[in-house]
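The values are calculated or read from the model by the stated rules, or taken from the named source; none is laboratory data. Keep in mind the model is a prediction, meaning the values are calculated, not measured. Counting neighbours? That spans all protein chains shown, and the Cβs are built from the backbone with ideal geometry, glycine included. Areas reflect the complete protein model, heavy atoms only, side chains present, ligands, DNA and RNA absent. Shrake-Rupley method; radii C 1.70, N 1.55, O 1.52, S 1.80 Å.
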Amino acid sequence: MVKSQPRYSKEFKLRICRELESGGTVAEVSRRHHVHPSLVYNWVSKYRKNPAAAFASGNGRKLPA
């Protein structure tokens with residue numbers, strides 16, 4: 001059985017980026033939200049390059065825990 005990958009909303013990704021901006025570490029934030037650290041690094045990189053256009057196609061939703 002193939003397991004589908006979770007999709008995360010634009011709002012969720014922005015919340016993660018803002019938590020890092022306010023002093024959190026990638027390890028803390030990824031653990032707290034059950035997201036792999038490499039995803040967090042990827043999201044932060046996109047956000048820092050262009051905050052206004054970051055996650056423009058992020059129409060997915062985070063699956064409930």
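A few remarks follow.
- Phi to ³J(HN,Hα) by Karplus 6.51 cos²θ - 1.76 cosθ + 1.60 over region 6-13, Hz, x for Gly, Pro: x, 10, 10, 6, 4, 5, 5, 5
- Neighbourhood net charge (12 Å Cβ-Cβ; Lys/Arg +1, Asp/Glu -1) for Asn42: +4
- Accessible surface of the chain, 1.4 Å probe, proportion on carbon and sulfur as whole %: 52 percent
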